[in-house]
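S.K.: My structure is below; once you've seen it, I'll send some questions.
The values are calculated or read from the model by the stated rules, or taken from the named source; none is laboratory data. Nothing here was measured: the structure is a model prediction, and the numbers come from that model. Ideal geometry is used to build each Cβ from the backbone, glycine not excepted, and the neighbour counts take in all protein chains shown. Note: areas computed on protein heavy atoms with side chains; ligands, DNA, RNA excluded. Shrake-Rupley method; radii C 1.70, N 1.55, O 1.52, S 1.80 Å.
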Amino acid sequence: MRGFWPIFKRELFSLFVTPLAWVLLTAFLLVQGLHFFLIVTHFANQADLAVDAGPVQSFFGQTILPYLPLLLICPLLTMRLFAEERRSGTIEALLTAPVGTTGVVLAKYMAALVTYVIMWAPTLLYLVLIQQTGEVDWRVVAASYLGVTLVGAGYLAIGTMTSAMTQSQVLAAVLSAMALVALFMLGIGEFIFTDGPLNALCAHVSVWTQMNDFSRGIVDLRRITFDATLILVPLFVAVRAVDAWRWG
Amino acid sequence: MIEVEHLSKQYGAHLAVDDISFKVDRGEIVGFLGPNGAGKSTTLRILAGFLGATRGRVRVAGYDLAEEPMKARASLGYMPETSPLYPEMRVSEYLTFRAELKLVPRGERRAAVARAMRDAGVEHVAATPIGQLSKGYRQRVGLADALVSDPPLLILDEPTAGLDPNQIREVRALVQRLGQDRTILLSTHILSEVEATCTRALVIARGRLVAEGTIEQIRAIRRPPALHVAVRGDADLALTAASAAPGVHAARTAPAPDPSPDPSPEPLLGLEIDIDPGAEAGQVTEDVVRALVEAGVGVRAITPRTESLEQVFSELTAGDPAPSAAASPPSTAASPAAPRKNRKVKR
């Protein structure tokens with residue numbers, strides 16, 4: 001893990017000193033703001049209806065709208081992590097310092113993950129607004145944010161892996177976007193295969209189903225195990241990929 | 001400080017570095033000389049710990065690169081060929097980042113960055129974003145990066161590439177100054193750079209080490225010492241007299257020197273005289289002059305033949321890499337038969 005802290009700080013600095021993170025942050029918050037507006041309008045118009053879900057559940061769990069931007073944002077956040085360093089040659093200076101490959105991969109990945117969390121952070125204000133007119137169960141909110149963090153962590157790990165596998169940022173972004181769309185489509189299979197093992201498989205990887213659980217405060221260990229696998233396997237491959245083009 | 005044993009690096013079917021071995025002792029400034037694509041950068045990248053070797057063993061500052069890579073990398077400062085830097089960072093920010101990465105203790109970091117900037121001459125651009133710097137200053141920042149942890153060993157890959165003549169002179173002076181208390185291995189394909197800065201050179205071609213020694217020794221590998229004599233008189237008489245002198249390996253006519261402003265009644269004749277490899281050049285010069293004078297040949301000028309390093313370099317690095325021809329002399333008048341690969345010259 002040598003070198004983690006300075007590389008992590010530099011990556012965060014690098015993300016926010018260029019326009020990319022700010023553009024993504026703005027676009028993301030525009031979509032989330034629109035989403036929140038629609039939900040609030042919906043509940044305001046149907047306040048007398050007995051429903052089994054409030055605005056928090058609707059915001060995090062009963063729609064795929066918040067997660068569609070992630071299919072684009074996560075690849076864009078991670079595409080430059082290794083690909084750009086390899087293209088510009090800065091990776092040579094980086095890896096000839098006394099740092100370990102694992103430390104480098106984790107530092108870059110964590111910088112992207114922290115940026116992702118920062119992107120979600122302003123949405124807490126929505127919940128503060130809801131609390132002005134009703135009750136918010138903050139344990140459910142915590143579970144929901146755990147859910148979105150785990151989903152993003154998996155997506156970013158896939159992006160980190162593809163960035164370590166190519167020198168082209170564009171190719172890295174396209175490859176990870178394709179992987180994320182494939183994962184997403186597999187989740188939608190839950191609604192196509194209504195029964196049987198395929199339905200179970202698709203439901204297991206479905207971000208919609210996962211977030212539906214988390215948004216109700218259900219923290220299922222099976223889901224956490226799946227997310228941990230989705231994080232650890234790509235990161236392991238990323239470490240091996242970096243070692244492969246160094247030592248191969 | 002650096003020990004390389006039978007190092008090879010293979011990319012697929014391409015053998016970029018082919019079984020090279022050499023040592024660099026503490027305090028030396030060694031030039032790693034070779035044409036583009038000879039394997040210089042690959043070798044330096046392996047020494048710096050960026051690439052792994054396919055075969056062979058490398059020890060840097062006493063640490064085996066395969067077994068103790070962190071300690072080995074912490075002992076050296078490496079400047080890659082293109083000085084890749086983060087353009088969005090300011091010079092001082094970048095060097096502070098690099099100092100932290102290279103495990104410079106927090107309390108010493110500021111002083112280390114200031115010292116490296118002073119040594120590399122980039123103090124006055126400390127607050128400038130790297131992206132706004134000229135090529136020359138970027139090279140200097142790369143050098144400051146290599147210096148920031150005050151390593152005992154510097155590995156510099158073409159430190160003057162792309163610089164203008166003034167910048168080249170400055171960097172060379174800096175390298176010489178740094179070499180006073182450090183070991184430096186620098187690669188280049190510019191021969192005058194090695195002559196200007198290095199105490200010793202390693203010549204690499206097609207992935208193989210083809211010569212090793214001081215500049216003078218490398219010159220002597222290809223051509224024995226020789227004299228160029230301008231004489232006046234009979235050519236045959238002069239050749240016979242010169243050939244008979246002790247220590248002369250061979251004598252031949254050569255192009256006559258430029259006409260002097262005070263032309264002699266007879267045209268001048270040029271002689272090229274190869275000296276036996278084992279003979280002492282000064283003594284042979286005396287004997288040749290004596291023999292010519294005694295034979296009634298007028299000696300107008302005598303100069304030792306200086307082989308341009310470019311010519312030696314070209315002969316060492318060009319042509320088919322046939323094992324027995326890689327470092328063999330170009331003519332029978334030259335040095336004894338060369339060993340198969342490395343032409344090591346005893347220092």
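S.K.: Within segment A:78-94, take every residue that is of a type in the set (S, T, N, Q) and surrounded by 18 or more Cβ atoms within 10 Å (Cβ to Cβ) and give me the one that is farthest from the other protein chains (Cβ to nearest Cβ).
M.R.: Let us first name the residues in segment A:78-94 that are of a type in the set (S, T, N, Q), namely A:78, A:88, A:90.
Now narrow it down to the ones that are surrounded by 18 or more Cβ atoms within 10 Å (Cβ to Cβ): A:78, A:90.
Details: A:THR78: 18, A:THR90: 4 Å.
Checked segment A:78-94; the qualifying residue farthest from the other protein chains (Cβ to nearest Cβ) is A:THR78.
S.K.: Residue check, B:SER41 against (1) touching a strand residue (DSSP E or B) at 6+ places or on another chain (Cβ under 6 Å); (2) within 9 Å of chain A (Cβ to nearest Cβ); (3) hydroxyl-bearing (Ser, Thr, Tyr), all met but one. Which one?
M.R.: The one condition B:SER41 does not meet is (2).
S.K.: How many residues are open to solvent by less than 10 Å² (accessible area, probe 1.4 Å) and polar (S, T, N, Q) if we restrict to segment B:161-196?
M.R.: 3
S.K.: Can you name the condition, by its number, that A:TYR67 falls short on among (1) buried (at least 17 other Cβ atoms within 10 Å of the Cβ); (2) within 14 Å of chain B (Cβ to nearest Cβ)?
M.R.: The one condition A:TYR67 does not meet is (2).
S.K.: Another question about this same structure. When you scan segment B:139-148, do you find a residue that is in contact with a Lys or Arg (Cβ under 7 Å, 6 or more places away or on another chain), of a type in the set (Val, Ile, Thr) and either open to solvent by less than 10 Å² (accessible area, probe 1.4 Å) or farther than 23 Å from B:VAL4 by Cβ (or both), even just one?
M.R.: yes
S.K.: Do any helices (runs of 4 or more DSSP H) lying entirely in segment B:1-111 carry at least 3 residues that are open to solvent by less than 10 Å² (accessible area, probe 1.4 Å) and within 22 Å of B:LEU147 (Cβ to Cβ), and which ones are they?
M.R.: Numbers: elements: B:40-47, B:69-74, B:91-101.
Because the criterion is at least 3 residues that are open to solvent by less than 10 Å² (accessible area, probe 1.4 Å) and within 22 Å of B:LEU147 (Cβ to Cβ), the helices (runs of 4 or more DSSP H) in segment B:1-111 that meet it are B:40-47, B:91-101.
S.K.: Just the residues that are open to solvent by 60 Å² or more (accessible area, probe 1.4 Å), under 27 Å from A:GLY54 (Cβ atoms) and of a type in the set (D, E, K, R), please, taken from segment A:177-223.
M.R.: Residues satisfying the conditions are A:ARG216, A:ARG222.
S.K.: Then there's this: I'd like to know if segment B:2-11 contains one or more residues that are of a type in the set (S, T, N, Q), modelled with pLDDT under 90 and in the same structural domain as B:ARG208 (by TED's automatic domain parsing).
M.R.: yes
S.K.: How about segment A:97-108: which of its residues are open to solvent by less than 10 Å² (accessible area, probe 1.4 Å) and of a type outside the set (D, E, K, R)?
M.R.: Scanning segment A:97-108 gives A:ALA97, A:PRO98, A:VAL99, A:GLY103, A:VAL104, A:VAL105, A:ALA107.
S.K.: As an exercise: evaluate A:GLY196 against (1) at pLDDT 85 or above; (2) more than 16 Å from A:GLY154 (Cα to Cα) and give the number of the one condition it does not meet.
M.R.: Answer for A:GLY196: the failing condition is (1).
S.K.: While we're on this one: Got a sec? Which of A:ALA97, A:ALA107 is farther than 18 Å from A:ALA164 by Cα and within 14 Å of chain B (Cβ to nearest Cβ)?
M.R.: A:ALA97
S.K.: Hand me the list of helices (runs of 4 or more DSSP H) wholly inside segment A:75-127 holding 3 or more residues that are among the charged types (D, E, K, R).
M.R.: Fully inside segment A:75-127 and qualifying: A:80-88.
S.K.: Count, please, the residues in segment A:1-12 that happen to be within 8 Å of chain B (Cβ to nearest Cβ) and at pLDDT below 90.
M.R.: Result for segment A:1-12: 2.
S.K.: Condition check: in contact with a Ser or Thr (Cβ under 6 Å, 6 or more places away or on another chain) and of a type in the set (D, E, K, R). Does B:ARG138 satisfy that?
M.R.: yes
S.K.: Scan segment A:1-45 for residues that are open to solvent by 30 Å² or more (accessible area, probe 1.4 Å) and aromatic (Phe, Trp, Tyr) and jot them down.
M.R.: Across segment A:1-45, the qualifying residues are A:PHE4, A:TRP5, A:PHE13, A:PHE16, A:TRP22, A:PHE37, A:PHE43.
S.K.: If you go through segment A:158-174, how many residues are farther than 17 Å from A:VAL237 by Cα and either among the charged types (D, E, K, R) or not in a helix (DSSP H, G or I) (or both)?
M.R.: Counting residues in segment A:158-174 that are farther than 17 Å from A:VAL237 by Cα and either among the charged types (D, E, K, R) or not in a helix (DSSP H, G or I) (or both) gives 1.
One line per residue, one yes/no per condition, for (1) at pLDDT below 85; (2) within 15 Å of B:ALA301 (Cα to Cα); (3) crowded, with 18+ Cβ neighbours inside 10 Å:
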| residue | (1), (2), (3) |
| --- | --- |
| B:PRO225 | yes, no, yes |
| B:VAL229 | no, yes, yes |
| B:ASP236 | no, no, no |
| B:THR240 | no, no, no |
| B:VAL248 | no, no, yes |
| B:PRO263 | yes, yes, no |
| B:LEU268 | yes, yes, yes |
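S.K.: Would you check which residues across segment B:70-85 are facing chain A (nearest Cβ under 8 Å) and free of Cβ contacts under 8 Å to residues at least 60 places away in the same chain and list them?
M.R.: B:MET70, B:LYS71, B:ARG73, B:PRO84, listed by residue number.
S.K.: Of the residues B:GLY136, B:GLY121, B:GLY107, which single one is away from chain A (no Cβ under 12 Å), more than 22 Å from A:GLU84 (Cβ to Cβ), at pLDDT below 95 and more than 27 Å from the chain's Cα centre (by Cα)?
M.R.: B:GLY107
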